[in-house]
Amino acid sequence: MPSRPATATPPSLVEAWFGHAFADLHPNIQALHRAGGILRGPVEVRLGRNGVARWIGKRLATRLGVPQPHPDNHMEVSIFSDGAGLHWNRRFNGGSEFRSLFRPVGHYPSGRWIESSGAITLALQVAVRNGAWHWEHVDTRLFGIPLPRWLMPRTAAYKDVRDGMYIFSVNTSVPLLGTVLSYCGTLSATPI
């Protein structure tokens, strides 16, 4: 009796969105988005330098569950995809979890991911540079209404792999004020 051919594993949500460009991501980022994983490690938090920027950064940090700057801050993020989208569930210093759901629209390179959190929705495109995943913020909506670009907070973020560790950075800035909140870190991964 002839043996059955092995069936291929269907691509993950992220792999399907990237198509052939998925191979351009660092192999560790590919593995994370194929099987999911939990990233853990120290994180550095910074607030805006001047009074108004610092005040906005504190409010934004509180809303996102990001702790105030402290040398012992740690982060855990669970990353996986399912039929609803790409999940990033973040927890700082063992506190409450902040959940983000990214829904894919279109396909790489012209497609985007829509991140929803309460009344705010962000549209993010992706660029792959030297194996790293860079989020490019293109639109913000409040209760479905687009915010004007001159008013819109801007988020720049990336994730990369160096020496087997996940390196990430998230920076949020506001026009005329500059950076109001940023956090970055070096995380180790374990499978889910």
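What follows is calculated from the coordinates using simple rules that are stated; it is not laboratory data. Bear in mind the structure is a predicted one, so any value in this text is a computation, not a measurement. Quick reminder, even Gly has a Cβ in these numbers, built from the backbone with ideal geometry, and neighbours come from all protein chains shown.
Charges were assigned to the Cβ only: +1 to each Lys and Arg, -1 to each Asp and Glu. The resulting dipole of segment 68-166 about its Cα centre is roughly 280 debye.
Rg ratio for segment 81-192: its Cα radius of gyration over 2.2 N^0.38 Å, N being its residue count, equals 1.12. How far is helix 51-64 tilted off the main Cα axis of the chain, in degrees rounded to 10, range 0 to 90? Computed tilt is about 40 degrees. When exposed loop sites are taken as chymotrypsin sites (Phe, Trp or Tyr not before Pro) in a DSSP loop with at most 16 other Cβ atoms within 10 Å, the longest stretch of the chain clear of them is 1-142. Of the residues 122, 66, 152, the one whose Cα sits farthest towards the positive end of the charge dipole of segment 28-162 is 152 (charges of +1 on Lys and Arg Cβ, -1 on Asp and Glu Cβ, taken about the Cα centre). Computed over segment 40-191, relative contact order equals 21 percent, with contacts defined as Cα pairs under 8 Å that lie 6+ residues apart.
Charged side chains reduced to their Cβ positions (Lys and Arg at +1, Asp and Glu at -1) give the chain a dipole of some 480 debye around its Cα centre.
Only one item in [x] -0.67, -1.00, -1.25; [y] -0.79, -1.02, -1.18; [z] -0.72, -1.09, -1.38 matches log10 I(q)/I(0) by the Debye sum over Cα atoms at q = 0.13, 0.16, 0.18 Å⁻¹ derived from the coordinates shown, and that item is [z].
Once the chain from residue 139 to residue 50 is taken as fully extended at 0.36 nm per residue, the excess over their C-alpha distance is 29.5 nm. Here residue 70 and residue 123 are evaluated by their C-beta separation; at R0 = 25 Å the FRET efficiency comes out at 0.20. Of the candidates 63, 141, 154, which one comes out as most mobile in a Gaussian network treatment of the chain with C-alpha springs shorter than 10 Å? Largest GNM mean-square fluctuation: 63. Of the residues 23, 53, 107, the one whose Cα sits farthest toward the positive end of the charge dipole of the chain, with +1 on the Cβ of Lys and Arg and -1 on the Cβ of Asp and Glu, is 53. Can you compute the helix-only [θ] at 222 nm over the chain? Use -39500 (n - 2.57) per DSSP H run of at least 4 residues, normalise by all residues, nearest 500 deg cm²/dmol. Estimated from H runs of four or more residues: -4500 deg cm²/dmol. Extension gain, residue 89 to residue 163, is 24.2 nm, computed as 0.36 nm per intervening residue step minus the present C-alpha separation.
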